[in-house]
Each structure stands twice: as C-alpha cells, then as structure tokens.
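> Before I ask anything, let me first share the structure, which is written out below as structure tokens.
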Amino acid sequence: QSFNVTTEGLSTMAAADRKALFEFQQKVGRLQRAVNGTLSAANELRTNLATAKRALMETPAASEKLVDEVVGIDKRLNEILKALRGDSVLRARQETLPPSISERVNGIVGDQRMSTSRPTQTHITAYGIAAADFDVELKKLRTLIEVDAAKLEKSLEAIGAPWTSGRLPVWQDR
C-alpha cells in the first residue's frame, strides 16, 4: 500500500519561511554533530589521561615534571568540558548557570524539530552564541589532542612507561 507523508502546516508556510527553516535546521544539525563528536573526543582524552597517570605511577623513570604535565592537560580539559556540557558540580548544588554549549544546541534542536515556522530570533541568537563559543573550545581541544597529548605520548614512550591506549609502542629487536 502506498501512502503520502505530509507535514502539518508546511503547505501554509511561505516558500521563503520554509527555506529559512530548512537551512537553519541543517545548520544547527551540523553544529550538533560537531559538538557531539567533540564531547566524545574530549571524553576519550580524559580516559587516556587517566591511563597515562596510572602508567606514570608505575614508571620508575617518570619525572615530577611529566606528572605535572598530565595534571595540567587534565585541568585544561576540565575547563573545556565545563564549557561544552556545563558544570556538573554546581548544577548538583542547584546553582543557576548559563546554558552550556551543548544545552544551547540541544535546546534549539528540540524546539525546531517539529517547527512549521521560520526560526525565531531567540534561536538564531542562541545558535550564534553556541557556534562562537564552540569554535573557541574546539580550537583549545584540538591543541590539547594534537599537540599536548601527542607530546605526552612521545614522552611516555621515551621513558618506557607501560603501554597506554592510543599510543603505538616503539619496538626493535635488539
């Protein structure tokens, strides 16, 4: 049996409004995808840093400087995660906080999902704030992963630390 699916109210929308809605939903969807991917990468880095800390504790050649480096990366990662998903400690204490990047984006997505009107100025403004804030945090995380964590992995390998996830060991049969 064939059937047609229609969206209620779509036929009464002006073509320009329908186009504006579609383009905005696509734009917000791309931002949501990027935010979710960034959160996953940040969480993976958090796991790798915890493993690196344990590996350092098991490595006699580990220096205090290297331990401090891991702690510093972890602190910077925490700040990025606060911006991306909010401060869970303060929220648990019922503190009123501005919305995090992911809360802004997910709020827009939820509100716009079944919309049959052009995006509101509130959503457009929220998108602008989220996109600008996300751009800053993404750059910070990219530096942490591509520069700082990569340097840390090389240092772990150089001192013969136990293997950690994401790090290829250097091996030669001597």
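The values are calculated or read from the model by the stated rules, or taken from the named source; none is laboratory data. This is a predicted model, so every value here is computed, not measured. Cβ: placed from backbone, ideal geometry, glycine included. Neighbour counts: every protein chain shown. We work out accessible area using only protein heavy atoms, side chains counted, and drop any ligands, DNA or RNA first. Shrake-Rupley method; radii C 1.70, N 1.55, O 1.52, S 1.80 Å.
> Search region 151-170 for residues being open to solvent by less than 70 Å² (accessible area, probe 1.4 Å) and either aromatic (Phe, Trp, Tyr) or on the phi > 0 side of the Ramachandran plot (or both), and hand back the single one that is farthest from the chain's Cα centre (by Cα).
160
> Looking at region 143-158, I want the residues that are at pLDDT below 95 and have a partner that is outside any helix (DSSP H, G or I) and buried (at least 18 other Cβ atoms within 10 Å of the Cβ) with Cβ atoms under 6 Å, at least 6 apart or on another chain. Which pairs are those?
Once the first residue is at pLDDT below 95 and sits in region 143-158, its partners that are outside any helix (DSSP H, G or I) and buried (at least 18 other Cβ atoms within 10 Å of the Cβ) give 153/167.
> A further question follows. Filter region 44-67 for residues that are open to solvent by 80 Å² or more (accessible area, probe 1.4 Å) and under 17 Å from residue 158 (Cα atoms) and give the result.
54, 57, 58, 60, 64, 65
> Restricting the search to region 98-117, which residues are in contact with a helix residue (DSSP H, G or I) (Cβ under 9 Å, 6 or more places away or on another chain), over 15 Å from residue 133 (Cα atoms) and either in a helix (DSSP H, G or I) or not basic (Lys, Arg) (or both)?
107, 108, 109, 111, 112, 115, 116, 117
> If you check residue 95 against the conditions, is it in a helix (DSSP H, G or I), acidic (Asp, Glu) and either surrounded by fewer than 16 Cβ atoms within 10 Å (Cβ to Cβ) or touching a residue at least 12 places away in the same chain (Cβ under 8 Å) (or both)?
no
> Additional query: Residue check: is residue 46 within 30 Å of residue 120 (Cα to Cα) and assigned to a helix (DSSP H, G or I)?
Details: within 30 Å of residue 120 (Cα to Cα): no; assigned to a helix (DSSP H, G or I): yes.
Against the criterion (within 30 Å of residue 120 (Cα to Cα) and assigned to a helix (DSSP H, G or I)), residue 46 does not qualify.
> Check 173, 148, 135 and return the single one that is at negative phi and under 16 Å from the mean Cα position of the chain (by Cα).
After ruling out the rest, the residue left standing is 135.
> Taking the criterion of being closer than 18 Å to residue 74 by Cβ and outside any helix (DSSP H, G or I), would at least one residue in region 144-156 satisfy it?
no
> For region 118-135, enumerate the residues that are in a helix (DSSP H, G or I) and touching a residue at least 12 places away in the same chain (Cβ under 8 Å).
Of everything in region 118-135, those that are in a helix (DSSP H, G or I) and touching a residue at least 12 places away in the same chain (Cβ under 8 Å) turn out to be 123, 124, 126, 127, 129, 130, 131, 133, 134.
> Okay, next question. Is it the case that region 20-43 has a residue that's outside any helix (DSSP H, G or I) and surrounded by fewer than 11 Cβ atoms within 10 Å (Cβ to Cβ)?
The answer is no; no qualifying residue exists.
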